[in-house]
Amino acid sequence: MEWQKLGQIFSTEEFARSPQAVVFDDFVRVYFSAARKDGNKMYSFVQYADCAKDFSTMLHISKHTVLEDGKLGCYDEHGIFPFSPLQTDDRLLGYISGWSRRVSVSIETGIGIAESFDNGNTFVRLGDGPFLSSSLHEPFLVMDGFVRKYDNQFHIWYIYGTEWRFAKEGKEPDRTYKIGHAVSVDGINWKKEGRQIIADKFDSECQALPTVLKIGQKYHMYFCYRHTFDFRADKEKSYRLGYAYSDDLVNWERRDDLAGITVSDEGWDSEMMCYPNLCQVENEVYLLYNGNSFGKFGFGVAQLLTD
């Protein structure tokens, strides 16, 4: 894979994490998770930015949240990040990764679903609970759901937690998570594979936010990965983009050396690249992603040059 970075196309100091694209007739809408502060706590909510179809121009930025806050006690009570849209069968669905706070550890998560009835301006939950959450062998932190439909079957790639650990006594615990996969006939009721589908690169690797696109006869996945500990202070342990490919959506070959993109020498994405999203606009393939500080300063885009 060979990519040309087109630069940072959306700039902010209030977070715009996990850009996720929907292609309309005349523009591309990019949903992202913004943040607001309530006391000492942060809440994530969903907005969007409309771009020209070659991402050269920003056309419109929403001033509203597309989805109401989660209800008291629900899986998404304290925020939504990421939010993954899917156009299918004349429906526009939104897959919600919801966050709720806990006491012994910082958060618990789950994946729910919403639908838009006004062409993506707003979404309405189809229920207040998650359809995918912790289970016997995936005990916590099920989130980052990315859904696509291939050969009349829905596929969801997501992450699940494997452990919380203390790096040092007196520190807050950090989490480790891996990428999983499930299938569905209706996009709501899912059957999990029940295994980690992407091989680890090193011990205590965290894998996050998979995105998949079929190009030719192969399926291509980008995701981000980091170390469990010290990833905030040491940029060498912070998020980078990983790459894998598959012929059958079951067996994945990890080949980060073929990813064709990495951090810049300087600038907004010089310390970190994370939260990727693949999209195809007519005959061109683009990769949206966040840079330094987990998307605090906005998002950028790259264009695929490989035939």
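Checked across the stretch 258-268, the condition of being free of Cβ contacts under 8 Å to residues at least 40 places away in the same chain, within 28 Å of Gly94 (Cβ to Cβ) and not β-branched (Val, Ile, Thr) holds for no residue. Looking only at the stretch 5-24, residues that are within 17 Å of the chain's Cα centre (by Cα) and among the polar types (S, T, N, Q) come to 2 in all. Of the candidates Gly112, Gly145, Gly94, the single residue that is free of Cβ contacts under 8 Å to residues at least 40 places away in the same chain, of a type outside the set (Phe, Trp, Tyr) and either under 14 Å from Gly187 (Cβ atoms) or assigned to a strand (DSSP E or B) (or both) is Gly112.
Here is the figure for the stretch 188-214: residues that are surrounded by fewer than 17 Cβ atoms within 10 Å (Cβ to Cβ), in a strand (DSSP E or B) and touching a Phe, Trp or Tyr at 6+ places or on another chain (Cβ under 9 Å) total 1. So if I check each of Glu282, Glu266, which one is on the phi > 0 side of the Ramachandran plot and surrounded by fewer than 16 Cβ atoms within 10 Å (Cβ to Cβ)? Glu282 is the lone residue from the list that is on the phi > 0 side of the Ramachandran plot and surrounded by fewer than 16 Cβ atoms within 10 Å (Cβ to Cβ).
A single entry from Ile61, Ile80, Ile9 fulfils the requirement of being of a type in the set (A, V, I, L, M), buried (at least 21 other Cβ atoms within 10 Å of the Cβ) and at pLDDT 95 or above: Ile80. Selection of the stretch 291-307 for residues being under 17 Å from Glu266 (Cβ atoms) and among the polar types (S, T, N, Q) yields Asn292, Ser293. Suppose we filter the stretch 25-51 for residues that are more than 15 Å from the chain's Cα centre (by Cα) and in contact (Cβ under 8 Å) with a residue 60 or more places away in the chain; how many remain? Residues that pass the stated criteria total 3. Of the residues making up the stretch 222-234, none is surrounded by fewer than 19 Cβ atoms within 10 Å (Cβ to Cβ), within 16 Å of the chain's Cα centre (by Cα) and closer than 27 Å to Ile80 by Cβ. Contact map, the stretch 150-162: first residue closer than 18 Å to Ile111 by Cα, second residue of a type in the set (Asp, Glu) and surrounded by fewer than 24 Cβ atoms within 10 Å (Cβ to Cβ), Cβ cut-off under 9 Å, separation 6 or more or different chains; pairs are Phe154/Asp186; Tyr160/Glu138; Gly161/Glu138; Thr162/Glu138. For the structure I just gave you, tell me whether Glu138 is in contact (Cβ under 8 Å) with a residue 60 or more places away in the chain and not in a strand (DSSP E or B). Answer is no for this residue. In this structure, is Cys274 within 12 Å of Phe55 (Cβ to Cβ) and touching a residue at least 60 places away in the same chain (Cβ under 8 Å)? In short, no.
Inside the stretch 277-307, residues that are outside any strand (DSSP E or B), in contact (Cβ under 8 Å) with a residue 24 or more places away in the chain and polar (S, T, N, Q) make up a count of 2.
Across the stretch 241-297, the number of residues qualifying as among the acidic types (Asp, Glu), out of contact with any helix residue (DSSP H, G or I) (no Cβ under 6 Å at 6 or more places or on another chain) and closer than 26 Å to Asp200 by Cβ comes to 6. For the stretch 26-58, the set of residues classified as modelled with pLDDT of 95 or more, surrounded by fewer than 19 Cβ atoms within 10 Å (Cβ to Cβ) and assigned to a loop (DSSP other than H, G, I, E, B) consists of Asp26, Phe27, Ala52, Lys53, Asp54, Ser56, Thr57, listed by residue number.
The values are calculated or read from the model by the stated rules, or taken from the named source; none is laboratory data. This is a predicted model, so every value here is computed, not measured. Heads up, the Cβs are rebuilt from the backbone with ideal geometry, glycines too, and the neighbour counts pull from every protein chain shown.
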